[in-house]
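The values are calculated or read from the model by the stated rules, or taken from the named source; none is laboratory data. Just so it is clear, the model here is predicted, and its values are computed rather than measured. Every residue, glycine among them, receives a Cβ derived from its backbone with ideal geometry; neighbour counts consider all protein chains shown. Heads up: the accessible areas ignore ligands, DNA and RNA and are worked out on the full protein's heavy atoms, side chains in. Shrake-Rupley method; radii C 1.70, N 1.55, O 1.52, S 1.80 Å.
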Amino acid sequence: MAAKTLYDKLWDAHVVREEEDGTALLYIDRHLVHEVTSPQAFEGLRLAGRSLWRANSILAVPDHNVPTTKQHRGNGTAGIDDPVAKVQVETLNKNCEDFNVKEFLMDDIRQGIVHVIGPEQGATLPGMTVVCGDSHTSTHGAFGALAHGIGTSEVEHVMATQCLIQSKMKNMLISVDGKVQAGVTAKDIVLAIIGEIGTAGGTGYAIEFAGEAIRDLSIEGRMTVCNMAIEAGARAGMIAVDQTTIDYIKGRPFAPTGETWDKAVEAWQDLVSDDDAEFDLVVRLDAAKIEPQVTWGTSPEMVLPISATIPNPADETDAVKSNGIQAALEYMGLKAGEAIDNINVDKVFIGSCTNSRIEDIREAAKIAQGNKVAKNIKLAMVVPGSGLVKHQAEEEGLDKIFIDAGFEWREPGCSMCLAMNADRLEPGERCASTSNRNFEGRQGQGGRTHLVSPAMAAAAAIHGHFIDIRTLAKEA
Amino acid sequence: MEKFTVHKGIVVPLDRANVDTDAIIPKQYLKSVKKSGFGPTLFDDWRYKVAGEPGMDHSKRELHKDFVLNQARYQGGSILLARENFGCGSSREHAVWALTDYGFRTIIAPSYADIFFNNSFKNGLLPIVLSEQIVDAIFSEIASTDTYELTIDLEKQEVITPTGEVFSFEIDAFRKHCMLNGLDDIGLTLQYADDIRAYEEKRKQEAPWLFA
């Protein structure tokens with residue numbers, strides 16, 4: 001048998017039928033649903049008189065629109081001030097009731113960002129195909145699953161048929177070799193990868209992340225890396241199964257138990273690329289050379305090490321790219337040659353499906369402990385990824401560390417990653433953000449986003465500007 | 001879905017690379033539970049001076065006069081000419097709904113982000129890939145022509161310029177078939193319901209934990 005990549009194996013195991021031109025019906029094991037991209041899909045089913053193919057494959061949760069302030073939570077949708085957003089969450093609740101779909105309601109401690117709660121509940125398992133009407137579904141690839149975002153038409157298609165019409169993607173291997181320096185996190189690794197291959201570098205590919213630096217990551221770090229595969233253009237990112245994967249899943253509510261668990265674990269051992277598997281493209285990065293990263297522009301590929309200076313559009317020979325840099329600098333209010341660690345920020349956001357898990361919060365808390373948020377910071381907020389993450393952090397006393405330092409400690413949700421709720425930037429405000437997109441207007445019209453790791457975001461809050469956390473470690 | 005056979009229309013040039021779906025339709029409009037009505041807020045941040053909100057009368061908002069959609073010569077445009085990696089970022093199908101609701105039937109660009117590309121076909125919006133050189137040439141032609149129109153012939157897989165020059169493009173056979181006939185692919189897939197059930201039966205034996 002020909003050697004296969006992890007992606008080849010996942011693909012082959014899910015093909016229901018394949019046409020001559022390569023178009024296949026791919027079976028979907030897990031369908032995650034949230035309020036923003038599902039209402040039109042449920043409505044489509046109703047209008048066509050169709051039912052769900054397999055209701056128990058779906059897990060739903062409201063996350064994008066939910067308020068994150070305590071006074072707006074605890075009373076169901078009543079706390080949502082925005083009437084349009086409220087209708088959307090209520091529509092999800094009603095759809096889940098009507099179609100008998102399992103949903104974690106706003107007041108459930110299990111509520112949270114869909115890409116945090118899926119793994120947390122063990123609803124994401126190795127070897128699964130996982131889809132959601134959300135591009136950051138690539139997160140779940142951290143478990144050796146084939147996971148990617150889909151549009152609303154495809155949400156409806158999966159609801160009605162349990163399948164997607166797909167053509168196979170190409171295979172890319174990104175190997176991060178060797179060990180990272182202290183202070184360099186999963187976020188820095190993935191930002192460095194995007195800087196290397198570009199925001200469209202992964203288009204048409206499924207990316208497998210491998211190498212010592214990836215294997216050294218916890219499952220949460222691996223989720224951060226896979227989460228941002230889409231920012232490199234790849235719909236799916238994935239990491240081979242190992243003991244770290246299996247240890248994380250064991251005992252979670254949706255995970256198999258008893259004999260089925262043993263059988264599953266045995267099957268999961270095969271979810272690695274064969275030694276001699278061939279990739280269409282291989283990219284290698286030296287982990288030791290990766291520094292803490294900060295994006296400076298309006299695309300995730302516009303990223304540099306903290307020690308760098310802002311680039312000059314005049315140095316770029318390609319006209320389209322040069323114009324892109326110029327437009328980004330104007331939007332971001334930055335000058336060529338400016339040192340990144342000299343840039344002051346106005347707001348700090350620690351959260352999102354990229355960086356809102358317990359380890360992220362611990363990393364940020366370490367920096368915040370015993371310090372105070374700088375005077376120029378208008379708002380520094382920590383938004384845990386789920387009710388359970390929040391609970392765990394509070395058990396560890398992390399909420400107090402943040403509150404004492406002057407951060408706001410919020411309720412779970414997507415929050416200022418995309419600013420659909422009240423959490424947003426005002427025009428011209430500059431934010432150190434642990435989220436995944438620095439697009440124009442992403443965090444509020446006219447807002448200026450710099451993507452960083454949780455520790456770098458916390459350090460920016462304390463110092464009022466970006467700072468190399470490796471120097472902080474030395475001082476301590 | 002509306003059939004796509006031959007389409008002739010005014011070309012609107014959007015000269016930016018990596019246009020993301022947040023730019024195509026900003027988040028505040030995603031709160032809608034409908035598929036229609038997104039046209040007036042297409043490219044909202046570039047089109048209007050002040051951020052809008054759902055439900056407002058967009059015809060009364062102050063425009064960025066220089067933005068292509070606001071220029072007199074591009075009114076009624078139905079073909080968008082764009083740069084590489086168009087539609088990157090969020091999976092929001094609202095981006096496609098905004099483009100079609102505005103009146104676009106086709107996009108021409110050197111490359112697209114995968115999810116956006118997929119979503120387009122589901123809504124009768126034809127994303128055509130032409131080389132960077134050809135796209136460059138069309139941008140220049142538009143700059144020197146008052147009303148620049150292209151004809152798209154999907155059956156022949158051709159883009160025809162006003163001077164009769166023809167550029168061929170590629171498209172998957174299945175997608176072409178669905179677009180030409182305006183087919184709903186859920187109905188097509190359900191023709192294979194027996195295959196799906198057979199797959200499930202076999203898979204349940206191998207991996208029962210996937211069905212718990």
Counting only protein heavy atoms and leaving out ligands, DNA and RNA, the solvent-accessible surface of A:T37 at a 1.4 Å probe, in Å² to the nearest 10, equals 10
Test assert for segment B:82-96: residues whose accessible surface shrinks by at least 10 Å² between chain alone and all chains, 1.4 Å probe, equal B:R83, B:E84, B:N85, B:C88, B:G89, B:S90, B:S91, B:R92, B:E93, B:H94
Carbon plus sulfur, as percent of the 1.4 Å-probe accessible area of chain A, comes to 48
Sparse-neighbourhood loop hits (trypsin sites (Lys or Arg not before Pro), segment B:1-40; DSSP loop; Cβ within 10 Å at most 12 others) -> B:K3, B:K34
Length-normalised contact order of segment B:10-76, Cα under 8 Å, at least 6 apart, in percent, tallies to 32
The answer for chain A, counting only DSSP H helices whose Cα atoms cover 30 angstrom or more along the axis and whose Kyte-Doolittle average is -0.5 or greater, is none
Summing +1 per Lys or Arg and -1 per Asp or Glu among the other residues with Cβ less than 14 Å from A:K102's Cβ gives -1
Heads up, chain B by the C-alpha gyration tensor (a ≥ b ≥ c square roots of eigenvalues; a/c under 1.5 rounded, else a/b over b/c prolate, else oblate) looks oblate
The answer for the protein assembly as shown, accessible area per residue at 1.4 Å probe in Å², is 36
Relative contact order in percent for chain A (Cα pairs under 8 Å, 6+ apart) equals 17
Net charge (Lys, Arg +1; Asp, Glu -1) of residues whose beta-carbon lies under 11 Å from that of B:R92, B:R92 excluded, is -3
Rounded to a whole number, the mean other protein chain Cβ count within 10 angstrom for residues of B:116-127 is 3
Given pairs A:K102/B:K176; A:K335/B:K65; A:K289/A:K335; A:K70/A:K378 and cut-off 30 Å on Cα-Cα distance, the over-length ones are A:K102/B:K176
When all Cα-Cα pair distances of chain A are considered, the percent exceeding 31 Å is 41
Heavy-atom accessible area of chain B with neighbours in place, 1.4 angstrom probe: carbon+sulfur share in percent works out to 49
Between chains B and A, total accessible area buried, probe 1.4 Å, no ligands or nucleic acids, nearest 100 Å², roughly 5400
